[in-house]
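Student: One structure, pasted below without further comment.
The values are calculated or read from the model by the stated rules, or taken from the named source; none is laboratory data. These numbers come from a predicted model, not from an experiment. Reconstructed Cβ throughout: ideal geometry from the backbone, glycine too, with neighbour counts over all protein chains shown.
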Amino acid sequence: MEIILHKKEDLDWTAKPNIVETYLSDTLPERELCSTAFAFVFNNGKFLLIDSKEWATKGRRLDIPGGHVEEGETPEDGVIREVFEETGVVVKVNKLVGFTKIDIKGDKSEDYFYPYPVSYILFYICDFIEEKEFTENDETHGRVWLEPEDFHKSEWCVENKNFLDEVMKLI
């Protein structure tokens, strides 16, 4: 399965010019081009988000947990680690549900450290295991469990409504 959900150009959060496409997919793109992984975590009908510090997510406060896959780490291990670091929630990867393909159309800048010209952001449905005590850190104030009727409070949920709607059909 691979369904394109949206295609956008010249987004501000990555190098420009760019083409950014988000897909609903259960197929892992080329592993060496996958630099980040994020998690869809639900518990009792609520969606897990991070209450991020403003610098960490370019001003978006309630954001999806996840981040960079470290060297030597699988994307699955990376997403599990990132969810725990940002929220104190222990998860298990259930399945890959999509990816965002970032295609940089200009020259590579010296400070661009992702695969070039194409890289991927992965999205997994993760099963909730348990919550641990969480202490605020450099990136996040903590975790937030958001009810579906409150998704409008998260800029990430609003910007990615069609993706979130499709994922919710899969859980």
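Conditions (1) under 11 Å from the mean Cα position of the chain (by Cα); (2) hydrophobic (A, V, I, L, M, F, W, C); (3) in a loop (DSSP other than H, G, I, E, B), marked per residue:
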site	(1), (2), (3)
LEU24	no, yes, no
PRO29	no, no, yes
THR36	yes, no, no
PHE40	yes, yes, no
ASP51	no, no, no
ARG60	no, no, yes
GLU70	no, no, yes
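Student: Given the criteria surrounded by 15 or more Cβ atoms within 10 Å (Cβ to Cβ) and either out of contact with any Leu (no Cβ under 8 Å at 6 or more places or on another chain) or part of a loop (DSSP other than H, G, I, E, B) (or both), does GLU82 qualify?
Tutor: Considered against the rule, which asks whether it is surrounded by 15 or more Cβ atoms within 10 Å (Cβ to Cβ) and either out of contact with any Leu (no Cβ under 8 Å at 6 or more places or on another chain) or part of a loop (DSSP other than H, G, I, E, B) (or both), GLU82 comes out as yes.
Student: Restricting attention to segment 155-171, and to residues there that are under 14 Å from the mean Cα position of the chain (by Cα) and among the acidic types (Asp, Glu), which single residue is farthest from LEU62 (Cα to Cα)?
Tutor: Applying the filter and picking the extreme gives GLU159.
Student: How many residues are of a type in the set (A, V, I, L, M, F, W, C) and over 17 Å from the mean Cα position of the chain (by Cα) when one looks only at segment 119-154?
Tutor: Matching residues across segment 119-154 total 2.
Student: Still on this structure: Only residues that are surrounded by 15 or more Cβ atoms within 10 Å (Cβ to Cβ) and either small (Gly, Ala, Ser) or modelled with pLDDT under 95 (or both): list them for segment 6-49, please.
Tutor: THR14, ALA15, SER25, SER35, ALA37, ALA39 - these are the residues of segment 6-49 that are surrounded by 15 or more Cβ atoms within 10 Å (Cβ to Cβ) and either small (Gly, Ala, Ser) or modelled with pLDDT under 95 (or both).
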